[in-house]
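Notes follow the structure.
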Amino acid sequence: MKAAVVVLPGSNCDHDCLHVLRDVLGVDARFVWHKERELPPVDLVVLPGGFSYGDALRAGAIARFAPIMEAVAAHARRGALVFGICNGFQILAEAGLLPGALLRNRDQHFVCQDVRLQVEHVESALTRTTGGRHILTMPVAHGEGRYHIDAEGLRRMEGQGQVLLRYLEDDDRVGEVAGINGSLAGIAGIMNAEGNVFGMMPHPERAAEPLVGGPAHGGSNTDGRLLFEGLLHDAESAR
Amino acid sequence: MAFLARIYVTPRADVLDPQGNAVAHGLHSLGFGEVTEVRIGRYLEVRIGGSDRAAATEQVTAMCERLLANTVVEDFRFELDALASDR
């Protein structure tokens, strides 16, 4: 498995993603600068979190026109894996590689805390290694994470099983809108209809090692690692 | 010859606008009880060269669709004025 982490001006989770891929999972991973026009031969492209182009206009709106994005779109069209985390998710939505849009959080605040996620589909490349774990814990850190799509679009996504992760509320249920940011149907993570492009607002790369799992979990939360492993297995089995 | 496009980008009707709701509450607090709704969008001024109004209209529409508005969640409209200084 080979992976590329795209570095945009304002990316700030690029090193975390590279570290998890390379040092934790032993993947042959490298950075790719946004001004490149070609990707190296990789199985997986990660669009990391951050504030690319200072979130000018809308989060991800400018980044989607970065020179490297045409190669990322071509990679996606070939059926290869693309994974957008936080700002990466916003970019994929702006680029039309994932349906819907991410809007300013309902309560206007930047949210930075652990969330619990309900795994909806264990057949997807992203979630298949979560096994019997139906609830994952990892942090969010975003100001524009309110997922929105029109009613018809939501029906289509639900029908095709494209919703992968939903925010769990304190009462262990999924809200009509997520308490954390107002996301429609509690949506935290999705995939495209073809099942090879993934986007999520929470940060799995920040919950992939015991050392940084967070005090709330006795410092041993590695739930995020499971999602990366899912993609890794998918790429390996496709060879 | 040039044109000034005054572009208005607004949240679509089915999209919750929490910022607009907060401002509506503020206006109510100030005594403007007649206010029934506030929607907050974005206003842009774009100057473009050329003398062909139809071509300029087409260009501004393309700019809005591709970048200035996210049509998944936003509507746009614009006015196109020939710039007085260039008449």
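Quick note on chain A: its Rg to Rh ratio, both from C-alpha atoms and Rh being the Kirkwood radius, is 0.93. An oblate overall shape is assigned to the range A:26-151, the ratio a/c of its alpha-carbon gyration tensor axes (a ≥ b ≥ c) being 1.5 or greater and a/b not exceeding b/c.
Add -39500 (n - 2.57) for each DSSP H run of 4 or more in chain B, then divide by its residues: what number comes out at 222 nm, to the nearest 500 deg cm²/dmol? It lands at -8000 deg cm²/dmol. Cβ-to-Cβ counts within 10 Å put A:Lys35, A:Lys2 in ascending order as A:Lys35, A:Lys2, the fewest first. Using all pairs of distinct alpha-carbon atoms, the Kirkwood hydrodynamic radius of the range A:57-117 works out to 12.8 angstrom.
Among beta bridges identified by DSSP and lying wholly in the protein assembly as shown, the antiparallel ones come to about 70 percent.
Evaluated at q = 0.18, 0.22 Å⁻¹, the base-10 log of the normalised Debye intensity for the range B:2-86, with identical point scatterers placed on the Cα atoms, takes the values -0.79, -0.96.
Estimated purely from DSSP H runs of n ≥ 4, each contributing -39500 (n - 2.57), the mean residue ellipticity at 222 nm for chain A is -6000 deg cm²/dmol once divided by its residues. Other protein chain C-beta atoms within 10 Å of residue C-beta, averaged over B:68-75: 5. Around A:Glu169, what is the net charge, scoring Lys/Arg as +1 and Asp/Glu as -1 over all other residues with Cβ under 11 Å from its Cβ? Local charge sum for A:Glu169: -1.
Residues A:Phe51, A:Phe228, arranged from fewest to most other Cβ atoms within 10 angstrom of their Cβ, appear as A:Phe51, A:Phe228. Reducing the range A:87-133 and the range B:13-54 to their Cα centroids gives an inter-centroid distance of 29 Å. Hydrodynamic radius of the range A:112-239 by the Kirkwood approach over all distinct alpha-carbon pairs: 14.8 Å.
Between B:Ser29 and B:Ser51, the simple label model (points 7 Å from Cα in the Cβ direction) yields a spacing of 5.5 nm. How high is the FRET efficiency between A:Arg133 and A:Asp23 when r is their beta carbon distance and R₀ equals 25 Å, given to the nearest 0.05? The formula returns an efficiency of 0.60 here. Here the scattering of the range A:154-198 is modelled by Debye summation over its C-alpha atoms, one equal scatterer each and no solvent; at q = 0.18, 0.31 Å⁻¹ the log10 of I(q)/I(0) is -0.51, -1.06. Counted by neighbouring Cβ atoms within 10 Å, the residues A:Ile68, A:Ile62, B:Ile40 run from fewest to most as B:Ile40, A:Ile62, A:Ile68. Just checking the listed ones, A:Tyr53, A:Tyr167, A:Tyr147: in the Gaussian network model of chain A with Cα springs under 10 Å, the one fluctuating most is A:Tyr53. Using the Cβ-Cβ distance between B:Ala82 and A:Ala56 with R0 set to 30 Å, the FRET efficiency from 1/(1 + (r/R0)^6) comes to roughly 0.55.
Where a number appears in this text, it was derived from the coordinates with a stated rule and is not lab data. It should be emphasised that the depicted structure is a prediction, and the values quoted were computed from it without experimental measurement. Note that we place each Cβ from the backbone using ideal geometry, even for glycine, and neighbour counts take in every protein chain shown.
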